[in-house]
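The values are calculated or read from the model by the stated rules, or taken from the named source; none is laboratory data. Please read these numbers as outputs of a predicted model, since none were measured by experiment. So basically every Cβ, Gly included, is an ideal-geometry build from the backbone, and we count neighbours across all protein chains shown.
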Amino acid sequence: MSGFKRDRNGNAKKNDGPKAPSKNIVRNAYTPLFEGLRDELEAHHDRRDRLGKASRDITALSKKIIFSLQRVRKIDNDLPQDIQKEINTRLAEIAKLLAAIAPEVQGINRYRYSRSLVCLEELVEALTFAHYLKTQTLIGDDELSAVVEDLARQGAAAAAPEDEVMADAGTDATPAAATAKPAAAELPTVSLTDDDYVYGLFDLTGEMMRFATTTSALTGKMASGGGAADQRTIVEDMHDLGSFFEMLPLRAGNKIQWEKKLEVMRQSVQKVEKLGYDRMIRGSERPDGWVDGWVPDLSSNDQPGSPE
Amino acid sequence: MIDPALFDKLKAKIEEDTSVRKELDQIIEELNQHVSYTQGVLSRIHSTPRSKYPTLLPQVEEGIKKEVATIGKLNAFASKYPYYKYNYKWTRAIQDAIATVLLCAWLGGMGTEAKAGEVCRLLTVEEVGAIFGVPVNLLDRDAFHVTVEEYLLGLINIIDDLSRLAMNSVTMGDNELAVLISGFIKDLHAGFQVLNLKNDILRKRVDSIKYAVKKVEDVVYDLSLRNLIPAKASE
């Protein structure tokens, strides 16, 4: 207690705590019925709140991963070390959050709370983007689902040893509690829905557009895998992805959202197209290897050829 | 860049989703027709004295039987897919169907061999589920069921209708029914206060109950002012 209220004479007032709500509920024949349903509704609201909080955190972490990835300057099997490290830390945090919510989104609850789990779209965006930057390919939905499920399991595994340490530190630790650990394969995980995947892919096109813009401005080349001149560039990849979405049938669930995303995707494709054209026209006026002011990979300690 | 198999798979998934939605739309449309007919028959309570209920209520029950048959179809089809993926499509129709059953039972219909119908009987969510032949409030497996929210929203639906009936029953000279309704609505109003509601659709609808309470209180006030409350009902 930080203090108490006083009356005008300076004496402490007695009843200064918050008054207990004097909710005089008149009991009647239907009260038990409502009391039973109340617990049901409360469990639902509480769960939705918890998921919403975790979702916000996962969204924020995923966005940070995307920011890190936007500092990469080329498509390469190995991301620059410091960026990879940043991503790994974020992923570990995401893994913990996923493991925490996993038990709440099993079975029927997966779709019940899919609106509270918009974070998964963001996570898909981050993971597909990272996969693209490494391999210049689009990761499939099954493959990605496995990655996310693995994350949740890792998070659960990472959380478990902590409990053990804490139990050991306590003087009256019960060893029985620490030994009962379920096998990793049985741990509940978070599954991706088709919507999470497809809408995440839509957002991926936006990130690829930003990536194409910054890399071509800073390195003077369209991003492409490896160094060979005949390599496929990001322009072609964007065209592939664009046609991919154009050929997909209109998703019936939320037409407005689908069409909005489709429109944004088209704009991204066209921006990259324009970049490719500019490169062709103006790039040829520049000597080979010339760039507008050499800008190092933001991960300067990870230059190719630098001593490891 | 993209594995062609991935495209084919996603395309197939979206196409399947679309055909599921189409099929659901058809079933729900059918359910809506039955519900709308049953509501229509039920609207005659406002001009039918209680003595005629024995001929009116069986007609309502006929409508409800058709609702139940369609809900059976919906149950069989929807249980094949994640329940909450498509729940939003039929939840309104189910709420309305629940309301018809609740109202019919409250008026004395929906009697069974074990338990005869009587006026002022409120079916529980389990009883509604039993009538529809579907589970209620499923938490442990993913299949079609009636949710607690749907039951409560259906219940709020009939409160409005009953408050209207309170007035019309007085017009038909049945003051006792008006007093019964008044007691029922007030009890429910108190019951809903027990729930801790979030700012959602249920909260909004629960807030509307007070207008029904006001309406029936006015009716009872008018009756008591003129000493028209039957002795039996006022006990």
Test for B:I14: is it touching a Pro at 6+ places or on another chain (Cβ under 7 Å), within 14 Å of chain A (Cβ to nearest Cβ) and not acidic (D, E) = yes
key: Checklist (1) touching a Ser or Thr at 6+ places or on another chain (Cβ under 6 Å); (2) within 14 Å of another protein chain (Cβ to nearest Cβ) applied to B:T100, failing item   = (2)
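Residues are listed down the side, and each one gets a yes or a no for (1) touching a residue at least 12 places away in the same chain (Cβ under 8 Å); (2) among the hydroxyl-bearing types (S, T, Y); (3) on the phi < 0 side of the Ramachandran plot; (4) crowded, with 16+ Cβ neighbours inside 10 Å:
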| site | (1), (2), (3), (4) |
| --- | --- |
| A:L192 | yes, no, yes, yes |
| A:E207 | yes, no, yes, yes |
| A:T219 | yes, yes, yes, yes |
| A:Q231 | no, no, yes, no |
| A:V235 | yes, no, yes, yes |
note = Only unsatisfied item for B:Y88, checking (1) without any contact (Cβ under 8 Å) to a residue 40 or more places away in the chain; (2) buried (at least 18 other Cβ atoms within 10 Å of the Cβ), is (2)
request  = Return the pairs, sorted by first residue and then second, in which the second residue is buried (at least 17 other Cβ atoms within 10 Å of the Cβ) and of a type in the set (D, E), the first residue lies in the range A:88-112 and is within 27 Å of B:D140 (Cα to Cα) and within 11 Å of chain B (Cβ to nearest Cβ), the beta carbons are less than 7 Å apart, and the residues are 6+ apart or on different chains.
outcome  = A:G107/B:D142; A:I108/B:D142
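On the basis of being facing chain A (nearest Cβ under 9 Å), assigned to a loop (DSSP other than H, G, I, E, B) and surrounded by fewer than 18 Cβ atoms within 10 Å (Cβ to Cβ), does B:A116 make the cut? First the steps, then the outcome.
Working: facing chain A (nearest Cβ under 9 Å): no; assigned to a loop (DSSP other than H, G, I, E, B): yes; surrounded by fewer than 18 Cβ atoms within 10 Å (Cβ to Cβ): yes.
In short, no.
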request  = Considering only residues that are closer than 26 Å to A:R266 by Cβ and in contact with a Phe, Trp or Tyr (Cβ under 8 Å, 6 or more places away or on another chain), look in the range A:217-236 and name the one that is modelled with the highest pLDDT.
outcome  = A:I234
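Which of the residues belonging to the range B:88-129 are of a type in the set (S, T, N, Q) and modelled with pLDDT under 95? Spell out how you get there, then give the answer.
Our first condition is that a residue be of a type in the set (S, T, N, Q); within the range B:88-129, this holds for B:91, B:95, B:100, B:112, B:124.
Selection gives B:T112, B:T124.
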message = Quick check on B:I201: is it assigned by TED's automatic domain parsing to the domain that holds B:V216 and out of contact with any Cys (no Cβ under 9 Å at 6 or more places or on another chain)?
response = yes
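Might you check whether a residue that is more than 25 Å from B:I98 (Cβ to Cβ), polar (S, T, N, Q) and either more than 14 Å from chain A (Cβ to nearest Cβ) or free of Cβ contacts under 8 Å to residues at least 40 places away in the same chain (or both) occurs anywhere in the range B:24-39? Quick ask: steps written out before the conclusion?
So the first thing to find is which residues in the range B:24-39 are more than 25 Å from B:I98 (Cβ to Cβ), and the list is none.
Taking every residue of the range B:24-39 in turn, none turns out to be more than 25 Å from B:I98 (Cβ to Cβ), polar (S, T, N, Q) and either more than 14 Å from chain A (Cβ to nearest Cβ) or free of Cβ contacts under 8 Å to residues at least 40 places away in the same chain (or both).
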note = Checked against (1) under 22 Å from B:H46 (Cβ atoms); (2) outside any loop (DSSP other than H, G, I, E, B), B:I229 satisfies every condition except (2)
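For the condition closer than 30 Å to B:V194 by Cβ and either polar (S, T, N, Q) or not in a helix (DSSP H, G or I) (or both), what is the one hit in A:G107, A:G52? Break it down into steps so the answer makes sense when it comes.
Values: A:G52 fails: either polar (S, T, N, Q) or not in a helix (DSSP H, G or I) (or both).
Of A:G107, A:G52, the one residue that is closer than 30 Å to B:V194 by Cβ and either polar (S, T, N, Q) or not in a helix (DSSP H, G or I) (or both) is A:G107.
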query = Could we say that A:V124 is modelled with pLDDT under 95 and aliphatic (A, V, I, L, M) here?
reply = no
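Which residue is farthest from the other protein chains (Cβ to nearest Cβ), if the candidates are limited to the range B:185-204 and must be over 19 Å from A:T31 (Cα atoms) and part of a helix (DSSP H, G or I)? Don't jump to the end; show me each part of the working.
We begin by selecting, within the range B:185-204, every residue over 19 Å from A:T31 (Cα atoms); these are B:198-201, B:204.
Then drop every residue that is not part of a helix (DSSP H, G or I), which leaves B:201, B:204.
Details: B:I201: 12, B:K204: 15 Å.
So, considering only residues that are over 19 Å from A:T31 (Cα atoms) and part of a helix (DSSP H, G or I), the one farthest from the other protein chains (Cβ to nearest Cβ) is B:K204.
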query = For the range A:134-152, which residues satisfy the criterion of being away from chain B (no Cβ under 14 Å) and buried (at least 20 other Cβ atoms within 10 Å of the Cβ)?
reply = A:V148, A:L151, A:A152
ask   = Just one of the numbered conditions (1) closer than 29 Å to A:D237 by Cβ; (2) touching a Pro at 6+ places or on another chain (Cβ under 8 Å); (3) charged (D, E, K, R) is not true of A:D141; which one?
value = (2)
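Inspect the range A:237-248 for any residue being among the hydrophobic types (A, V, I, L, M, F, W, C), over 16 Å from the mean Cα position of the chain (by Cα), buried (at least 21 other Cβ atoms within 10 Å of the Cβ) and at pLDDT below 90 and give the result as yes or no. Walk me through it before giving the result.
We begin by selecting, within the range A:237-248, every residue among the hydrophobic types (A, V, I, L, M, F, W, C); these are A:238, A:241, A:244-245, A:247-248.
With over 16 Å from the mean Cα position of the chain (by Cα) added as a condition, the list becomes A:238, A:241, A:244-245, A:247-248.
Then keep just the ones that are buried (at least 21 other Cβ atoms within 10 Å of the Cβ); that gives A:238, A:241.
Next cut, at pLDDT below 90 only: none.
So far as the range A:237-248 goes, no, none of its residues is among the hydrophobic types (A, V, I, L, M, F, W, C), over 16 Å from the mean Cα position of the chain (by Cα), buried (at least 21 other Cβ atoms within 10 Å of the Cβ) and at pLDDT below 90.
Say whether the condition of being more than 30 Å from B:P82 (Cβ to Cβ), within 16 Å of the chain's Cα centre (by Cα) and assigned by TED's automatic domain parsing to the domain that holds B:A93 is met by at least one residue in the range B:121-133. I'd like the intermediate steps shown before the answer.
Looking only at the range B:121-133, we keep the residues that are more than 30 Å from B:P82 (Cβ to Cβ), and these are B:121-122.
Narrowing further to those that are within 16 Å of the chain's Cα centre (by Cα): B:121-122.
Adding the requirement that they be assigned by TED's automatic domain parsing to the domain that holds B:A93 leaves B:121-122.
Taking every residue of the range B:121-133 in turn, at least one turns out to be more than 30 Å from B:P82 (Cβ to Cβ), within 16 Å of the chain's Cα centre (by Cα) and assigned by TED's automatic domain parsing to the domain that holds B:A93.
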query = Is it the case that the range B:96-109 has a residue that's out of contact with any helix residue (DSSP H, G or I) (no Cβ under 9 Å at 6 or more places or on another chain) and either assigned to a helix (DSSP H, G or I) or assigned by TED's automatic domain parsing to the domain that holds B:A78 (or both)?
reply = no
Scope the range B:183-221; condition surrounded by 14 or more Cβ atoms within 10 Å (Cβ to Cβ) and over 25 Å from A:G36 (Cβ atoms); matching residues = B:K215, B:V216, B:E217, B:D218, B:V219, B:V220
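Please find, among A:E308, A:E263, A:E285, the residue that is modelled with pLDDT of 95 or more and loosely packed, with under 12 Cβ neighbours inside 10 Å. Write out each step before concluding.
Values: A:E308 fails: modelled with pLDDT of 95 or more; A:E285 fails: modelled with pLDDT of 95 or more.
Result: A:E263 is the single residue among A:E308, A:E263, A:E285 that is modelled with pLDDT of 95 or more and loosely packed, with under 12 Cβ neighbours inside 10 Å.
Only one residue in B:S43, B:S51, B:S36 is modelled with pLDDT under 95, among the hydroxyl-bearing types (S, T, Y) and more than 26 Å from A:R112 (Cα to Cα), so which one is that? Steps first, answer last, please.
Working: B:S43 fails: modelled with pLDDT under 95; B:S36 fails: modelled with pLDDT under 95.
Sole residue among the options that is modelled with pLDDT under 95, among the hydroxyl-bearing types (S, T, Y) and more than 26 Å from A:R112 (Cα to Cα): B:S51.
Yes/no matrix, rows are residues, columns are (1) within 14 Å of chain B (Cβ to nearest Cβ); (2) closer than 26 Å to B:P4 by Cβ; (3) not hydrophobic (A, V, I, L, M, F, W, C):
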site	(1), (2), (3)
A:R38	yes, no, yes
A:H45	yes, no, yes
A:E86	no, no, yes
A:Y132	yes, yes, yes
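Of all the residues that make up the range B:134-162, how many are assigned to a helix (DSSP H, G or I) and not charged (D, E, K, R)?
Kept after step one, since they are assigned to a helix (DSSP H, G or I), are these residues of the range B:134-162: B:148-162.
With the extra rule that they be not charged (D, E, K, R), the set shrinks to B:148, B:151-159, B:162.
Residues flagged as assigned to a helix (DSSP H, G or I) and not charged (D, E, K, R) within the range B:134-162 amount to 11.
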